[in-house]
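Working notes, structure below.
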Amino acid sequence: PPGTRTSSSTRAATAAPVPTNDDPAARVLQQGRNLAIQLCVLLKTARVHDVGNIAFQGPLTNFIETVAQMWAAEGDFKVLSVGDFLYVNQHRLRVDASSYPSYQYLNDEFRLRGLGGFAFEGKLTPPEVKTFVRLFVDVDMKWAGPFEEFVSALTKLSVENIVPLRAAILRPVGRSSE
(Lines give C-alpha, C1' and ligand atoms only; values in the text may rest on other atoms or scores of the structure.)
Protein backbone atom coordinates (compact mmCIF):
# COMPACT_ATOMS: atom_id res chain seq x y z
CA PRO A 1 0.00 0.00 0.00
CA PRO A 2 1.12 3.60 -0.50
CA GLY A 3 3.12 4.94 2.39
CA THR A 4 4.13 1.47 3.53
CA ARG A 5 7.83 0.85 3.50
CA THR A 6 9.25 -2.48 2.41
CA SER A 7 12.83 -3.53 2.48
CA SER A 8 14.72 -3.89 -0.78
CA SER A 9 15.09 -7.63 -0.15
CA THR A 10 11.30 -7.98 0.21
CA ARG A 11 10.78 -6.03 -3.03
CA ALA A 12 13.38 -8.16 -4.80
CA ALA A 13 11.79 -11.36 -3.54
CA THR A 14 8.29 -10.33 -4.66
CA ALA A 15 9.15 -8.30 -7.77
CA ALA A 16 9.08 -11.21 -10.17
CA PRO A 17 7.87 -14.74 -9.84
CA VAL A 18 10.51 -17.41 -9.66
CA PRO A 19 10.65 -18.95 -13.12
CA THR A 20 9.72 -22.58 -13.38
CA ASN A 21 12.01 -24.31 -15.76
CA ASP A 22 10.16 -26.85 -17.83
CA ASP A 23 12.65 -26.46 -20.68
CA PRO A 24 15.15 -29.34 -20.32
CA ALA A 25 17.90 -27.49 -22.24
CA ALA A 26 17.56 -24.41 -20.01
CA ARG A 27 17.65 -26.62 -16.92
CA VAL A 28 20.82 -28.35 -18.15
CA LEU A 29 22.43 -24.98 -18.87
CA GLN A 30 21.60 -23.64 -15.40
CA GLN A 31 22.77 -26.81 -13.65
CA GLY A 32 25.87 -26.91 -15.86
CA ARG A 33 26.71 -23.33 -14.94
CA ASN A 34 26.32 -24.21 -11.26
CA LEU A 35 28.42 -27.34 -11.71
CA ALA A 36 31.25 -25.42 -13.41
CA ILE A 37 31.31 -22.79 -10.67
CA GLN A 38 31.18 -25.44 -7.94
CA LEU A 39 33.99 -27.46 -9.57
CA CYS A 40 36.10 -24.31 -9.66
CA VAL A 41 35.38 -23.60 -5.97
CA LEU A 42 36.16 -27.22 -5.08
CA LEU A 43 39.53 -27.17 -6.87
CA LYS A 44 40.53 -23.76 -5.51
CA THR A 45 39.57 -24.80 -1.99
CA ALA A 46 41.72 -27.93 -2.34
CA ARG A 47 44.72 -25.76 -3.25
CA VAL A 48 44.39 -24.01 0.13
CA HIS A 49 42.96 -26.71 2.40
CA ASP A 50 43.42 -30.47 2.57
CA VAL A 51 40.36 -32.41 1.35
CA GLY A 52 39.85 -33.61 4.93
CA ASN A 53 39.52 -30.04 6.24
CA ILE A 54 36.09 -28.80 7.31
CA ALA A 55 36.42 -25.89 4.84
CA PHE A 56 36.33 -28.43 2.01
CA GLN A 57 33.07 -30.08 3.15
CA GLY A 58 30.62 -27.39 1.95
CA PRO A 59 31.99 -27.20 -1.60
CA LEU A 60 32.23 -31.02 -1.68
CA THR A 61 28.58 -31.46 -0.68
CA ASN A 62 27.37 -28.81 -3.16
CA PHE A 63 29.33 -30.38 -6.01
CA ILE A 64 28.07 -33.92 -5.29
CA GLU A 65 24.45 -32.72 -5.00
CA THR A 66 24.62 -30.84 -8.31
CA VAL A 67 26.16 -33.82 -10.10
CA ALA A 68 23.45 -36.07 -8.60
CA GLN A 69 20.69 -33.73 -9.83
CA MET A 70 22.18 -33.58 -13.31
CA TRP A 71 22.77 -37.30 -13.42
CA ALA A 72 19.18 -38.01 -12.29
CA ALA A 73 17.84 -35.75 -15.06
CA GLU A 74 20.31 -36.58 -17.84
CA GLY A 75 21.94 -39.89 -17.05
CA ASP A 76 25.62 -39.92 -17.99
CA PHE A 77 26.79 -36.47 -19.07
CA LYS A 78 29.98 -34.66 -20.03
CA VAL A 79 31.52 -31.33 -19.15
CA LEU A 80 33.78 -30.31 -22.02
CA SER A 81 36.23 -27.53 -22.71
CA VAL A 82 36.27 -26.58 -26.40
CA GLY A 83 38.29 -23.52 -27.31
CA ASP A 84 37.42 -20.90 -24.72
CA PHE A 85 33.99 -22.35 -23.99
CA LEU A 86 32.56 -24.93 -21.61
CA TYR A 87 29.82 -27.31 -22.67
CA VAL A 88 27.53 -29.73 -20.89
CA ASN A 89 26.96 -32.39 -23.52
CA GLN A 90 26.15 -30.36 -26.64
CA HIS A 91 24.95 -27.25 -24.75
CA ARG A 92 27.39 -24.33 -24.57
CA LEU A 93 27.40 -22.66 -21.17
CA ARG A 94 26.84 -18.94 -21.49
CA VAL A 95 29.44 -16.71 -19.95
CA ASP A 96 28.47 -13.73 -17.83
CA ALA A 97 30.46 -11.48 -15.52
CA SER A 98 29.95 -13.74 -12.50
CA SER A 99 30.82 -17.03 -14.25
CA TYR A 100 33.72 -15.85 -16.43
CA PRO A 101 36.49 -16.27 -13.81
CA SER A 102 35.34 -19.82 -13.00
CA TYR A 103 35.06 -20.84 -16.66
CA GLN A 104 38.47 -19.35 -17.44
CA TYR A 105 40.05 -21.11 -14.45
CA LEU A 106 38.63 -24.49 -15.52
CA ASN A 107 39.65 -24.02 -19.16
CA ASP A 108 43.20 -23.12 -18.08
CA GLU A 109 43.45 -26.06 -15.65
CA PHE A 110 42.09 -28.49 -18.25
CA ARG A 111 44.61 -27.26 -20.87
CA LEU A 112 47.54 -27.66 -18.47
CA ARG A 113 46.62 -31.33 -17.96
CA GLY A 114 45.73 -32.16 -21.57
CA LEU A 115 42.08 -32.60 -20.57
CA GLY A 116 39.10 -32.00 -22.79
CA GLY A 117 36.76 -32.41 -19.85
CA PHE A 118 35.09 -35.14 -17.84
CA ALA A 119 32.31 -37.66 -18.25
CA PHE A 120 30.17 -38.23 -15.18
CA GLU A 121 29.00 -41.82 -15.22
CA GLY A 122 27.23 -42.49 -11.97
CA LYS A 123 26.55 -41.44 -8.42
CA LEU A 124 29.53 -39.80 -6.76
CA THR A 125 30.63 -40.48 -3.22
CA PRO A 126 32.61 -38.11 -0.99
CA PRO A 127 35.67 -40.43 -0.90
CA GLU A 128 35.69 -40.71 -4.70
CA VAL A 129 35.45 -36.94 -5.19
CA LYS A 130 38.13 -36.29 -2.56
CA THR A 131 40.47 -38.73 -4.33
CA PHE A 132 39.68 -37.14 -7.70
CA VAL A 133 40.34 -33.61 -6.41
CA ARG A 134 43.54 -34.58 -4.60
CA LEU A 135 44.90 -36.20 -7.79
CA PHE A 136 43.76 -33.31 -9.99
CA VAL A 137 45.54 -30.76 -7.80
CA ASP A 138 48.65 -32.90 -7.33
CA VAL A 139 49.27 -34.05 -10.92
CA ASP A 140 52.75 -32.96 -12.03
CA MET A 141 52.34 -30.62 -15.00
CA LYS A 142 56.08 -30.75 -15.68
CA TRP A 143 55.78 -34.42 -16.55
CA ALA A 144 55.66 -35.10 -20.29
CA GLY A 145 52.17 -36.64 -20.10
CA PRO A 146 50.05 -35.13 -17.32
CA PHE A 147 46.88 -36.62 -18.84
CA GLU A 148 48.29 -40.15 -18.78
CA GLU A 149 49.60 -39.70 -15.23
CA PHE A 150 46.21 -38.43 -14.05
CA VAL A 151 44.24 -41.25 -15.73
CA SER A 152 46.62 -43.88 -14.38
CA ALA A 153 46.34 -42.54 -10.83
CA LEU A 154 42.53 -42.37 -11.02
CA THR A 155 42.39 -45.97 -12.25
CA LYS A 156 44.75 -47.22 -9.53
CA LEU A 157 42.63 -45.56 -6.85
CA SER A 158 39.29 -46.79 -8.28
CA VAL A 159 37.79 -43.44 -9.28
CA GLU A 160 35.23 -44.78 -11.73
CA ASN A 161 32.38 -42.26 -11.99
CA ILE A 162 34.46 -39.24 -13.08
CA VAL A 163 36.18 -40.13 -16.33
CA PRO A 164 38.79 -37.75 -17.78
CA LEU A 165 38.50 -37.05 -21.51
CA ARG A 166 41.58 -36.28 -23.56
CA ALA A 167 41.75 -32.84 -25.14
CA ALA A 168 41.23 -32.80 -28.86
CA ILE A 169 41.68 -30.05 -31.38
CA LEU A 170 38.06 -29.10 -31.83
CA ARG A 171 36.14 -26.06 -32.89
CA PRO A 172 33.13 -25.01 -30.85
CA VAL A 173 29.93 -26.75 -31.96
CA GLY A 174 27.76 -24.67 -34.27
CA ARG A 175 30.44 -22.05 -34.86
CA SER A 176 31.84 -21.80 -38.34
CA SER A 177 33.70 -18.51 -38.23
CA GLU A 178 35.37 -17.86 -34.87
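The values are calculated or read from the model by the stated rules, or taken from the named source; none is laboratory data. The model shown is predicted, which means the values in this text are computed figures rather than measured ones. In this analysis, Cβ positions are derived from the backbone assuming ideal geometry, glycine residues included, and neighbour counts consider all displayed protein chains. The protein model used for the area step is the full one, side chains on, heavy atoms only, and it has no ligands, DNA or RNA in it. Shrake-Rupley method; radii C 1.70, N 1.55, O 1.52, S 1.80 Å.
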In the stretch 111-166, which trypsin sites (Lys or Arg not before Pro) are in a loop and have at most 11 other Cβ atoms within 10 Å, using DSSP for the loop call?
Lys142
For the stretch 104-155, what relative contact order do you get, as a whole percent, if you take Cα pairs closer than 8 Å and at least 6 residues apart?
42
So what are the ³J(HN,Hα) numbers for the stretch 106-112, from phi and the Karplus equation (6.51, -1.76, 1.60; θ = phi - 60°), rounded to whole Hz, Gly and Pro as x?
5, 4, 5, 5, 5, 4, 4
Rounded percent of accessible protein surface that carbon and sulfur make up, the stretch 20-109, 1.4 Å probe:
53
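Once you have the Cα-Cα distance between Ala55 and Gln104, take 0.36 nm times their residue separation minus that, and quote the gain in nm to one decimal.
Length difference between fully extended and current span is 15.3 nm.
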Send over a whole-number figure in Å² for the accessible area per residue of the stretch 16-90, probe 1.4 Å.
51
Gly116's amide H: which non-local residues (gap 5+, or another chain) put their own amide H closer than 5 Å, with H modeled 1.01 Å from N in plane and none for Pro or chain starts?
Leu165, Arg166, Ala167
I need the phi-derived Karplus couplings for the stretch 113-121: 6.51 cos²θ - 1.76 cosθ + 1.60, θ = phi - 60°, integer Hz, Gly and Pro marked x.
9, x, 8, x, x, 9, 9, 9, 10
Loop-only check: which chymotrypsin sites (Phe, Trp or Tyr not before Pro) in the stretch 56-117 are DSSP coil with at most 13 other Cβ within 10 angstrom?
none
Taking the Cα atoms of the stretch 26-106 alone, what are Rg (to one decimal) and Dmax (as a whole number) in Å?
12.8, 35
At 7 Å along Cα-to-Cβ for each site, give me the label-to-label distance between Ser158 and Lys123 in nm.
1.6
For the stretch 31-164, evaluate the Debye formula with one uniform point scatterer on each Cα (no solvent term) and list log10 I(q)/I(0) at q = 0.23 Å⁻¹, rounded to two decimals.
-1.74
Once phi is turned into θ = phi - 60°, what whole-Hz ³J(HN,Hα) does the Karplus curve with 6.51, -1.76 and 1.60 give for every residue of the stretch 82-87, x standing for Gly and Pro?
10, x, 9, 10, 10, 10
